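Shown next, in structure tokens, is the structure this report addresses.
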Amino acid sequence: MTTTTAAADPQIQRDVLDELDWDAQTRPAEIGVTVADGVVTLTGWVDSYARRWAAERCAHRVRGVRAVASQLEVRLAGGDERTDADIAIAASRALEWDSFVPAERLDVTVADGWLMLRGEVEYGFQRRTAERELRRLRGVRGITNLVEVRASAPPSDEQTRRDLARVLVRRAGVERIDIKVTGDTVVLTGVVRSWWQRDEAERAAWATPGVREVHDRIVVAG
């Protein structure tokens, strides 16, 4: 975890505001930012769930941020209002049209614009992809992702670790990454020379059967 001091909070606040201003998917004039001991709190409102998610990602990207507390309210514009039935139909079609999502294994429930996603998939990236497809839909106020990740033949933690280590060497040519596997969670630590290697390591972890959570703590030291 990144350490920080109270003295660094004003700089983190400025950096988060700059990141919000830089990202074309956010509207920083509607978002307030406060920082205490490296924890960023976002307040205000946005006009879509997709924009709220983008603002949260902006804050997470800033160096020195330990955690993000989002109090952003989603206020849909009049033209973006949709009935729950319309949202449910759009959500089902979005999942069906994505060839990487096993839509037949997923269920979507909509109440007051809030989507509840349930089901079971084999890969963590499928769970994340399904949520990504839904948060882009008009009229969505929020998503609760309850999809479980279960491999058809779950390997042991040690087997998963060895398989993932081989993938990292094959794809990114890195051997200085420490991999810890506990059930459906992978923790990556170590040092790499580029952001591409770090991103590739995380993508490989998400593509491992049965992995539901990936904690990427790799440091880039080029």
Residues located in region 181-198, provided they are of a type in the set (D, E, K, R) and under 22 Å from V220 (Cα atoms):
R193, R198
So which residues in region 42-74 are over 24 Å from R127 (Cβ atoms), modelled with pLDDT of 90 or more and open to solvent by 40 Å² or more (accessible area, probe 1.4 Å), if there are any at all?
T43, W45, Q71, E73
Do you know which residues across region 166-198 are of a type in the set (D, E, K, R) and closer than 27 Å to R150 by Cα?
R166, R170, R171, D178, K180, D184, R198
Looking only at region 23-41, how many residues end up being modelled with pLDDT under 90, surrounded by fewer than 18 Cβ atoms within 10 Å (Cβ to Cβ) and under 19 Å from the mean Cα position of the chain (by Cα)?
3
Looking at K180 and the list (1) assigned to a strand (DSSP E or B); (2) open to solvent by less than 40 Å² (accessible area, probe 1.4 Å), which single condition is not satisfied?
(2)
Taking into account only those residues within region 204-222 that are farther than 14 Å from K180 by Cα and without any contact (Cβ under 8 Å) to a residue 40 or more places away in the chain, which is most open to solvent (accessible area, probe 1.4 Å)?
G222
Neighbours by Cβ (under 9 Å, 6+ apart or cross-chain): first from region 98-121, open to solvent by 70 Å² or more (accessible area, probe 1.4 Å); second in a loop (DSSP other than H, G, I, E, B) and among the β-branched types (V, I, T)
R105/V147; W114/V140; R118/V147
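The values are calculated or read from the model by the stated rules, or taken from the named source; none is laboratory data. Note that the structure is predicted; figures quoted are calculated from it, not measured. A quick note on method: Cβ atoms are made from the backbone with ideal geometry, for glycine too, and the neighbour counts reach across all protein chains shown. These area figures cover heavy atoms from the full protein model, side chains too; ligands, DNA and RNA do not enter into them. Shrake-Rupley method; radii C 1.70, N 1.55, O 1.52, S 1.80 Å.
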